[in-house]
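Notes follow the structure.
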Amino acid sequence: MTIASPHRILIVGGGAGGLELATKLGKKLGKRGKAHITLVDASRAHIWKPLLHEVAAGTFDSYENQIEYLAQAARNYFRFRLGRMVGLDRERSEIQLAPTFNEAGEEIIPARRFGYDTLVIAVGSVSNDFGIEGVREHCRFLDTREQAETFQHHLLESFVHAHALEQPLREGQLDVAIAGGGATGVELAAQLHKVSRLFKAYGLDQISPGDIKISIIEAADRILPGLPPRLSQSTEDELRKLDIEVLKGERVVKVTADAIHTESGRAITANLKVWAAGIKAPDFLKDLDGLETNRINQLVVRPTLQTTRDENIFAFGDCAACPCKDGQGTVPPRAQSAHQQASLLVRSLCARLKDEPLPLYHYRDYGSLVSLGKYSTVGNLMGNLTGTVMVEGFFARMVYLSLYKMHQLALFGFYRTMMLSIADRFRASVHPEIKLH
């Protein structure tokens, strides 16, 4: 008599949604032996992507707040495998992983294949340079923790170098230009303003605030186009109070080693240039063994989150194009979307194992919040009873901070999240406000 092996659920991508899904499925199915849950990611540890701008500024220590995938897997009854997906064989129900190399360029894990009965792709998004000349060569991106940490190291080195100089600074030596006036660009600008003042407080006192110029370059007629106009204007007013230059209606056409050039003929000089002007799904998803994708490489999915051409493959989060309930456009690439979809997929995959109908995903917009650090927080909250409510200041800041706590609750539960919060308070009392190494 042949005993059927447990259903194999393979999740590719350990971002906010992928890790939450693996954790919940591990507890619900893996613990009871009803399914084998495997999570694949190219990194060894997880950091919540909405906080990468704080990692880049040095106000959030990624090493103290990272989640090691192997440890999370061991606690929650799923397996973790290190590797970067590069291909798919739907006929054989297998994915292909590229070889993994160490820092010395030595291969430590060979190319491998993993089989699945159900595949869930949650690989997130990367910056979209739109093919603009010079962006890849001269701009920095904040798609990964490694990129954010590299930015932070370069920022610190720039200030240390400038502090030690005996001659005057050259034009643009400490300036930062951010292409993109969305949430990432705005939040990064505010954090960098704070950091530039803290460097002086920590002894780099040969640099004055006037030596640093921070600019945001936005192609649209206002920053934060996803928020109501009043909140966009309120945010712009706050940024201008911080002496952050806001350039609207300026479409970037070229980036050189020392400046960002716009269609109007302006050249914004800067030592550090950040690209935060749009996203796309990773390039390997395009034409992935015949799966349907859109113009920014997102996998097109049905309301069940199944891909349109293979019912055994699901996709969610930033890498998926899921239709909105009203048929107008697709679900926006936000952390709240991935969180909602992960919760739905837990029910979906349990139903799938029982051959029951799959639930449909309907996006619920709870609003958007943008943090300017200690200076302000603005946004809009949506509810069935209250409608749309504009929020600013302290209350908005508390709601913004709660978003990360909700992510921690999904991964750790109430008790461990409470202990982490207490530990963070103690750590903040003895550590500097920014990373200085």
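The values are calculated or read from the model by the stated rules, or taken from the named source; none is laboratory data. Just so it is clear, the structure is predicted and the values come from calculations on it, not from any experiment. FYI the Cβ positions are ideal-geometry reconstructions off the backbone, even for glycines, and counts take in every protein chain you see.
See the values below:
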| read-out | value |
| --- | --- |
| Residues (closer than 14 Å to L88 by Cα and surrounded by fewer than 24 Cβ atoms within 10 Å (Cβ to Cβ)) located in region 308-324 | R309, D310, N312 |
| Unique match (being more than 30 Å from D287 (Cα to Cα) and not charged (D, E, K, R)) among V55, V12 | V55 |
| Residues of region 409-431 classified as surrounded by 14 or more Cβ atoms within 10 Å (Cβ to Cβ) and either closer than 20 Å to G373 by Cα or touching a Gly at 6+ places or on another chain (Cβ under 6 Å) (or both), total | 0 |
| Residue in region 295-303 that is of a type in the set (S, T, N, Q), more than 21 Å from the chain's Cα centre (by Cα), modelled with pLDDT of 95 or more and not assigned by TED's automatic domain parsing to the domain that holds G249 present | no |
| Residues of region 348-373 satisfying the condition of being assigned by TED's automatic domain parsing to the domain that holds L51 and farther than 24 Å from D318 by Cβ | C350, A351, L353, K354, D355, E356, P357 |
| Single match in L25, L39 (criterion: buried (at least 16 other Cβ atoms within 10 Å of the Cβ), on the phi < 0 side of the Ramachandran plot, assigned to a helix (DSSP H, G or I) and not hydroxyl-bearing (S, T, Y)) | L25 |
| Qualifying residue in region 202-220 (condition: surrounded by fewer than 16 Cβ atoms within 10 Å (Cβ to Cβ), touching a strand residue (DSSP E or B) at 6+ places or on another chain (Cβ under 9 Å) and in a loop (DSSP other than H, G, I, E, B)) | yes |
| Scope region 55-93; condition over 30 Å from G373 (Cβ atoms), among the charged types (D, E, K, R), free of Cβ contacts under 8 Å to residues at least 60 places away in the same chain and surrounded by fewer than 17 Cβ atoms within 10 Å (Cβ to Cβ); matching residues | R75, E91, R92 |
| Test: L192 is crowded, with 17+ Cβ neighbours inside 10 Å, within 30 Å of G317 (Cβ to Cβ) and modelled with pLDDT of 85 or more | yes |
| Considering residues of region 101-121 that are out of contact with any Gly (no Cβ under 8 Å at 6 or more places or on another chain) and part of a strand (DSSP E or B) only, the residue surrounded by the most Cβ atoms within 10 Å (Cβ to Cβ) | L119 |
| Region 252-265, subset at pLDDT 95 or above and surrounded by fewer than 15 Cβ atoms within 10 Å (Cβ to Cβ), residue nearest to I214 (Cα to Cα) | T256 |
| Strands (runs of 3 or more DSSP E) enclosed by region 310-415 - at least 2 residues per element that are within 25 Å of P6 (Cα to Cα) and at pLDDT 85 or above | 310-315 |
| A74 being within 30 Å of K405 (Cβ to Cβ), more than 19 Å from the chain's Cα centre (by Cα) and assigned to a helix (DSSP H, G or I) | yes |
| Options F101, F130, F80; residue that is touching a Leu at 6+ places or on another chain (Cβ under 8 Å) and of a type in the set (A, V, I, L, M, F, W, C) | F80 |
| Boolean, K31 is surrounded by fewer than 20 Cβ atoms within 10 Å (Cβ to Cβ), among the charged types (D, E, K, R) and over 14 Å from L411 (Cα atoms) | yes |
